[in-house]
Amino acid sequence: MMRHYFYALFLLYGLNLFATEQPYNKENRIEYINSVLLAINSAKLQDIFNVHSYINVVDRNNCSSSLSSLRTQCLIQYAIDNCKSLRQAEQRNYCELYSDIIVANKLSENVFIPRKERYRILKNSVGDRRQVILNKLEQKYSRLVTQFALTAQTSCEYDNNRCMAENLDSFCLQYTNQQSLSWQYCTSAIIWFLGTSR
């Protein structure tokens, strides 16, 4: 069985860890999404938000780099180490899966909020600037989720992760063909929004 943690990032950056398993294969993508949906829906929200806060702090303090590959590897390593601290195997596995989504979303922030837009938002903001950016990201994610919800592909029961995974994969493949957003960023944003809006 293939290890799923940081699968989205491996796909995104073309790391050759799954060369023999064809990670771009539709069934592998769907299985990955299904596993992440199960993890993010089964984990405690506070645990997910704690990892999210941890990744934000690590990114600011330990992993800032002008080279995206160094930043990515640094975030992955900190996330792996963080998940290793959990005692139960199921919790560790869930942590690895939702950490992948958190790291992918962290890396996609500049795609969802380009530098000029970020500058304008921060220039006009009052209060906690990081929270202002997070709120704006949630707005962008909610628009993407709304587009997903308005497609014919969302005819699943809420708790049917397999059906949702198939539909999400199909939507993000179509969306990335029309917009300049990667499959990984599309799936990560939607999974994050759906998983943390419960």
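Nothing in this text is a laboratory measurement; each read-out follows from the coordinates by a stated rule. Computed from a prediction, not measured in an experiment: that's the story for all the values here. All Cβ positions, even for glycine, are placed from backbone atoms using ideal geometry, and neighbour counts span all protein chains on display.
Distances between placed amide hydrogens fall under 5 Å for Ser182 paired with no residue 5 or more residues away or on another chain.
For Asp128 and Gln179, the difference between the fully extended length at 0.36 nm per residue and the C-alpha to C-alpha distance is 15.3 nm. Residue exposure proxy: Thr151, Thr187, Thr176, ordered by other Cβ atoms within 10 angstrom of their Cβ from fewest to most, comes out as Thr151, Thr176, Thr187.
Of the peptides 29-36, 71-78, the ranking by mean beta-carbon count within 10 Å, highest at the top, reads 29-36, 71-78.
Excluding Leu75 itself, what net charge comes from residues whose Cβ is under 9 Å from its Cβ, given Lys and Arg +1 and Asp and Glu -1? Once all neighbours under 9 Å are counted, the net charge is +1. Ranking of Ser108, Ser125, Ser69, Ser182 by neighbouring Cβ atoms within 10 Å, starting from the fewest: Ser69, Ser125, Ser182, Ser108. Over the residues of the chain, the helix contribution to mean residue ellipticity at 222 nm works out to -24000 deg cm²/dmol, using -39500 (n - 2.57) for each DSSP H run of at least 4. Among the chymotrypsin sites (Phe, Trp or Tyr not before Pro) found in segment 139-198, those both in a DSSP coil and sparsely packed, with 13 or fewer other Cβ atoms within 10 Å of their Cβ, are Tyr158. Only one of [x] 0.94; [y] 0.98; [z] 1.04 was calculated from the structure for Rg/Rh (Cα atoms, Kirkwood Rh), and its label is [x]. Here the gap between Arg60 and Glu90, fully extended at 0.36 nm per residue and compared with their Cα-Cα distance, gives a gain of 7.9 nm. Placing +1 on the Cβ of every Lys and Arg and -1 on the Cβ of every Asp and Glu, with no other charges, gives the chain a dipole of roughly 900 debye about its Cα centre. Taking a sphere under 13 Å around the Cβ of Gln184 and counting the other residues whose Cβ falls inside, with K and R at +1 and D and E at -1, yields a net charge of 0.
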